[in-house]
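**Q** Let me give you the structure first, and then I'll get to my questions.
The values are calculated or read from the model by the stated rules, or taken from the named source; none is laboratory data. Quantities reported herein were computed from a predicted structural model and do not represent experimental measurements. Here the Cβ positions follow ideal geometry from the backbone for every residue, glycine too, while neighbour counts run over all protein chains shown. Just so you know, the surface numbers come from the protein's heavy atoms only, side chains and all, with ligands and any DNA or RNA stripped out. Shrake-Rupley method; radii C 1.70, N 1.55, O 1.52, S 1.80 Å.
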Amino acid sequence: MVNLSEIAQRLSHDSSAWVSESVDRFNGNQVDVHLFQCIVANWHLHTETDEMFVVLSGSVTIDTENGSFKLNENDCMVVKAGTKHRARTDETATLMTLIGETM
């Protein structure tokens, strides 16, 4: 069992703008928890995998080639394989990502 609040608390002690911890794998999907503090990630894409973002606290904007989407606590979004995207926030936010192969 993994407690996401405990992971987020542990990550909050790091002063880095972006810190992550791997949680586990689920049906081939990599599951990570990230703490972002006033960050803009680099544009990138995953050619073979979808990526799911789940906001645990705060808010995160996901910019894609198809527009920008503001996600608040308890919101989630899937970015399909091959879609250029980045995450950004102007506050402290915690999110979980799942990245796995497309079917």
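**Q** In the stretch 23-58, how many residues are within 13 Å of the chain's Cα centre (by Cα) and among the hydroxyl-bearing types (Ser, Thr, Tyr)?
**A** Residues in the stretch 23-58 being within 13 Å of the chain's Cα centre (by Cα) and among the hydroxyl-bearing types (Ser, Thr, Tyr): 1 in total.
**Q** I've got another one for you. For a quick check of your reading of the model, give me the residue pairs whose first member lies in the stretch 1-22 and is within 10 Å of GLN37 (Cα to Cα), whose second is assigned to a loop (DSSP other than H, G, I, E, B) and charged (D, E, K, R), with beta-carbon atoms closer than 6 Å and at least 6 apart or on different chains.
**A** Listed pairs, sorted by first residue: none to list.
Quick grid of which residues meet (1) assigned to a strand (DSSP E or B); (2) over 20 Å from TRP18 (Cα atoms); (3) over 12 Å from the mean Cα position of the chain (by Cα); (4) modelled with pLDDT of 95 or more:
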{"residue": "VAL60", "(1), (2), (3), (4)": "yes, no, no, yes"}
{"residue": "THR83", "(1), (2), (3), (4)": "no, yes, yes, yes"}
{"residue": "ARG86", "(1), (2), (3), (4)": "yes, no, no, yes"}
{"residue": "MET96", "(1), (2), (3), (4)": "yes, no, no, no"}
{"residue": "ILE99", "(1), (2), (3), (4)": "yes, no, no, no"}
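**Q** Can you say whether THR49 is of a type in the set (S, T, N, Q) and in contact (Cβ under 8 Å) with a residue 40 or more places away in the chain, as far as the supplied structure shows?
**A** Numbers: of a type in the set (S, T, N, Q): yes; in contact (Cβ under 8 Å) with a residue 40 or more places away in the chain: yes.
In short, yes.
**Q** Considering only strands (runs of 3 or more DSSP E) fully contained in the stretch 1-57, which possess at least 1 residues that are open to solvent by less than 40 Å² (accessible area, probe 1.4 Å), modelled with pLDDT of 95 or more and within 11 Å of MET96 (Cβ to Cβ)? Spell out the reasoning first.
**A** Details: elements: 18-26, 29-40, 49-57.
The strands (runs of 3 or more DSSP E) meeting that bar are 49-57.
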